Amino acid sequence: MLGEYRIEGRRASEIAASVERAVGAGELQPGEVLPPLRELAVYLEVNPNTVAAAYRTLRDRGVIETAGRRGSRVRPRPASTSREAVRVVAPPGVRNVADGNPDPALLPSLEEAFAEAAARNAHRPVLYGMPAVDDDFEALARAAFLRAGLPEGPIAVASGSLDAIERVLAAHLRPGDAVAVEDPGWGSLLDLIPALGLRPVPVGVDDDGPMPDRLAAALKQGVRAVVVTDRAQNPTGAAISAPRAAELRTLLAGHPGVLLIEDDHGHGIVDLPLHRLSGVTDHWVLVRSTAKAYGPDLRLAALTGDTVTVDRVRGRQRLGPGWVSHLLQRAVVHLWRTSAIDPTAVAAAYGERRDALIQALKQRGVQAHGRSGMNVWVPVPDETSAVARLLHSGWAVAPGARFRMQSPPGIRITVSGLTADDTVPLADAVAEARGVGEARRYE
């Protein structure tokens, strides 16, 4: 059955595990059709309801999708196959501009912050039963959210942006619900949605953020949630402008039952103002992580939102990890209080590198995008060819397939590690790899 692979198991959990194991090992390929429910039940000598339960589990885990009479098939990108696998390994002598990491030289030292957090812990240890959010962290986070013009709401802490987004989605949605996501967009989020059993609905973006007509179409399709990036959008560098925010808020106001999630991970590394969308739907959150400003290993994100949503997140968190370490929270408090980084200077550093590359590409007839953050998005006619030619020229870039659903091909270049001397040779290599001509839009 299914060629060389034999689905095994007597119980639903065993059947589901057998299929998932085969998908992860590459023995069942994306798009491959699974046996009809009754046919597999006869083959395994089990009740058809057992197979139905197994297929339901696989669907909820994002491994397969069902299409009525057309049957069930392995998802084009199953949850067990991460988009991170679509990467280029930089061999010795090749510059890596693909990883999406911040410049270590622009990150603050964490030594003093953790020393102070440890000293405070020695004086007042965190024990079971204490509040999940440190008092000082909560006060500073709330003040920052209010300065940004957000409606006042409770504060929660998660282990990074993706953890926060997952918890919020799980608080409101059920397997099968549709979620509007940016396309191109954050690859990890595009993996997370099907892994939760949710259905992603792509929304095209331009330099000013999600395009209103595309969001309107998604809302018309009945999406239950919308996830947007306010600034430093990954991979395009888009940032929601004031006029675009007004348009999107008007659209969302007409669908108050839709859950809105705003990801402001660019906070601290961008100098463009936040034009928030929150406050026009019944349920909303805005998430700010520390990863880009203070380092990816400082696994912490602050979030605020409506009372029901944040209470659900905190309640479920209590039943799992319980809380995010107060040592981390207090270290971040120290970084906030001492102004460990100058956001304006950091934004300027990334901006100089980003703008220099975009301008050099423009001079070579290559369109590129990057209003904010540390990435530049370059539409290309043939992604595979462009990536391979750049690798041959000594540059490893991120294939656009990691970030795309329906949008045209492209490549992502991380400018964090670039110097002024890198701009011209990199632009020359991109122009040669792409082929100079009319660039394609990425919406």
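What the table shows:
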quantity: Charge dipole (the chain, unit charges on Cβ, about Cα centre) - positive-most of Pro104, Trp186, Val226; calculated: Val226
quantity: Contour minus Cα-Cα distance for Asp382 and Val33 (0.36 nm per residue); calculated: 122.8 nm
quantity: 222 nm mean residue ellipticity, helices alone, for the chain (DSSP H n ≥ 4; -39,500 (n - 2.57); rounded to 500); calculated: -12000 deg cm²/dmol
quantity: Table column - 3J(HN,Hα) (Hz), the stretch 402-407, Karplus curve with 6.51, -1.76, 1.60, x for Gly and Pro; calculated: 5, 10, 10, 10, 10, 5
quantity: Cα-centre dipole for the stretch 141-220 with unit charges at Cβ (Lys and Arg positive, Asp and Glu negative), debye to 20; calculated: 360
quantity: Whole-Hz couplings from phi, Karplus 6.51/-1.76/1.60, listed for the stretch 139-155; x for Gly and Pro; calculated: 5, 5, 5, 4, 4, 5, 5, 5, 4, 7, x, 7, x, 5, x, x, 10
quantity: Potential extension, Val89-Arg364 segment - 0.36 nm per residue separation minus Cα distance; calculated: 96.3 nm
quantity: Hz values of 3J(HN,Hα) by residue in the stretch 274-288 - Karplus curve (6.51, -1.76, 1.60), Gly and Pro given as x; calculated: 7, 10, 6, 9, 4, x, 9, 10, 5, 10, 7, 8, 10, 10, 10
quantity: Percent breakdown of C-alpha pair distances by 5 Å bin, ordered from the shortest bin, for the stretch 17-161; calculated: 2, 7, 10, 11, 9, 8, 8, 10, 12, 11, 7, 4, 2, 0
quantity: Extension gain (nm, one decimal) between Asp421 and Glu352, 0.36 nm per residue minus Cα-Cα; calculated: 23.6 nm
quantity: Highest to lowest packing among 120-133, 30-43, 351-364, scored as the average C-beta count within 10 Å; calculated: 351-364, 30-43, 120-133
quantity: Distance between modelled label sites at Asp282 and Asp99, nm, 7 Å Cα→Cβ extension; calculated: 4.6
quantity: Value of relative contact order over the chain, rounded to a whole percent, pairs C-alpha under 8 Å and six or more apart; calculated: 19
quantity: Arg11-Ala118 pseudo-label distance in nm [points 7 Å out on the Cα-to-Cβ vector]; calculated: 4.6
quantity: Computed magnitude of the charge dipole of the stretch 111-337 (debye, nearest 20; Cβ of K, R +1, Cβ of D, E -1); calculated: 580
quantity: Packing-based ranking, highest mean first, of 299-310, 16-27 given that Cβ atoms within 10 Å are counted; calculated: 299-310, 16-27
quantity: Orientation-averaged projected area, Cα convex hull of the stretch 1-40 (nm²); calculated: 2.7
quantity: For Val203, residues with placed amide H under 5 Å, excluding near neighbours; calculated: Val181, Glu182, Asp183
quantity: Rg/Rg_ref, the chain, where Rg_ref = 2.2 N^0.38 Å and atoms are Cα; calculated: 1.04
quantity: Calculated FRET value between Asp135 and Arg174, using beta carbons and R₀ = 25 Å, to 0.05; calculated: 0.10
quantity: Peptides ranked, highest mean first, by Cβ atoms within 10 Å: ranges 139-150, 180-191, 326-337; calculated: 180-191, 326-337, 139-150
quantity: Residues listed by number, the stretch 178-209, amide nitrogen under 19 Å from Arg70 label point at 7 Å toward C-beta; calculated: 178-179, 194, 198-202
quantity: Residues Ser393 and Asp311, FRET efficiency given R0 of 60 Å [Cβ-Cβ distance, rounded to 0.05]; calculated: 0.70
quantity: In Å, descending, principal axis extents of the Cα set of the stretch 12-74; calculated: 27, 24, 20
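Each value in this text was obtained by applying a stated rule to the coordinates, not by laboratory testing. Keep in mind the model is a prediction, meaning the values are calculated, not measured. Every residue, glycine as well, gets a Cβ built from its backbone with ideal geometry; the counts of neighbours run over all protein chains shown.
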